[in-house]
Amino acid sequence: MECVEILNKLVHLDAIERFGKRHIQIKNCNLSQWQYAYLLYTNSIPTDIGQLYSEESLKEQEHVKEYFFHRFGTAGLSTQDFFAESHNLEIEKLPRYVSIAPHRHEFVELVFVLRGTCSHTVNGFPFTQSEGDLVFVSSGATHELIANDDTLCLTLKIRSEFFRSFELPGMLNFITPLLLRCSSDHFIRDCFLILFQEQATQHPYCNSIMEKLTETVLTYAMEHYGDTLQYLLSDPAQDSFFFQLLNYIAENHRTVTLRSVAEHFHYNPTYLSNYLNKKYGYTFSLILRNYRLDMAEKLLCDTNMKLNDICDTIGYKDTPQFIRSFKERFGMTPAKYRKAKKLNASL
């Protein structure tokens, strides 16, 4: 199916969206999350808007709300409730004429606007997400997302552990929620449309295609629109501390250790390690490793430095270990990577 056909298919309102459009015309407000959940649960659409406000219907909506808070209120939305056992990705269209309440989840989420605008709030930071904007919502972040009018928006949920296996340019940036303004880039748009269609078809290799395509589109977005990157910050004290921590690691990357960072900021090493894991889902060693390998990749591409000198510059004392780490991250040895980059540059 052509991407234009997929897009046209997404434009059509489903039954609940049609009901939601009537609701906003009569009540002058979107359906609430609980009304939406109730309609999904009952799998039936009232013939009259007033039926949604009957005593029996309101009781059922309250039960839905109580169940939601009982199951997800403290820990947030869990991976096991949103992913099939063998799947690392789930993509869906953001329902229109529905207000999704603030929530957080164990998995990470990509939000891409195909058309129109969304009102998006991440960790208390409100902004308008416009056509072509790609938002990354990190694990544990709280966000609220509302499609305005006839907006088309797709949300892609990714298992956190699978996302961390990606080899993305500037991977360290993805520890916090961020926004990339990709304008009217049809490649990114088409990738999201193909992801949606692949999931719908459930072909034998659809999961593999979706996994590889997701990493590709993120790599492409960072490569072409990394200069538009905006961090979605809302807690000045915590965010300031975290970026101070990242800057300290960057400035001292050759010799830095968890203990030295903890001592510099007057924290217990165990507390600091748990803080990074709980708030951002990354270990100190992974943060340092990714920073060093990102630096090595740039030195390989931009200089003629020998491998031993690169190892010394980035803080790797064991060259064979560096080569193994680099190959795990980039899929080839440093020498082959440099050769491939030079070959591509000459074409």
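Couple of notes before you dig in:
- Ser119 hydroxyl-bearing (Ser, Thr, Tyr) and crowded, with 23+ Cβ neighbours inside 10 Å: no
- Region 251-347 holds helices (runs of 4 or more DSSP H) entirely within its bounds, and those carrying 2 or more residues that are farther than 27 Å from Ser138 by Cβ, at pLDDT 90 or above and among the polar types (S, T, N, Q) map to 307-314, 319-330.
- Among helices (runs of 4 or more DSSP H) entirely within region 160-249, having at least 3 residues that are in contact with a strand residue (DSSP E or B) (Cβ under 6 Å, 6 or more places away or on another chain), β-branched (Val, Ile, Thr) and over 23 Å from Ser119 (Cα atoms) singles out no element at all.
- Long-range neighbours under 6 Å by Cβ, at least six apart or interchain, first residue closer than 19 Å to Ile26 by Cα within region 52-64, second not in a helix (DSSP H, G or I): Leu52/Pro46
- Gly50 being under 14 Å from Ser99 (Cβ atoms) and either among the acidic types (Asp, Glu) or assigned to a helix (DSSP H, G or I) (or both): no
- Considering the conditions (1) closer than 16 Å to His103 by Cβ; (2) in contact with a helix residue (DSSP H, G or I) (Cβ under 8 Å, 6 or more places away or on another chain), Leu89 is excluded by exactly one of them, (1).
- When we screen Ile16, Ile45 for residues that are in contact with a Phe, Trp or Tyr (Cβ under 7 Å, 6 or more places away or on another chain), touching a residue at least 40 places away in the same chain (Cβ under 8 Å) and either more than 16 Å from Leu152 (Cβ to Cβ) or among the β-branched types (Val, Ile, Thr) (or both), the only hit is Ile16.
- Checked against (1) free of Cβ contacts under 8 Å to residues at least 24 places away in the same chain; (2) assigned by TED's automatic domain parsing to the domain that holds Arg164, Phe243 meets all criteria but (2).
- Verdict on Ala141 being crowded, with 18+ Cβ neighbours inside 10 Å and over 27 Å from His23 (Cβ atoms): yes
- Residue in region 126-137 that is surrounded by fewer than 19 Cβ atoms within 10 Å (Cβ to Cβ), of a type outside the set (Asp, Glu) and in a loop (DSSP other than H, G, I, E, B) present: no
- For region 286-313, filtering for residues that are within 17 Å of Gln244 (Cα to Cα) and either outside the structural domain of Arg324 (by TED's automatic domain parsing) or among the hydroxyl-bearing types (Ser, Thr, Tyr) (or both) leaves 1.
- The residues in region 96-113 that are within 24 Å of Glu131 (Cβ to Cβ) and surrounded by 20 or more Cβ atoms within 10 Å (Cβ to Cβ) can be counted, and the count is 9.
The values are calculated or read from the model by the stated rules, or taken from the named source; none is laboratory data. Since this is a predicted model, take the numbers as computed values, not measurements. Methodologically, a virtual Cβ is constructed for each residue, glycine included, from the backbone with ideal geometry; neighbour enumeration extends over all protein chains shown.
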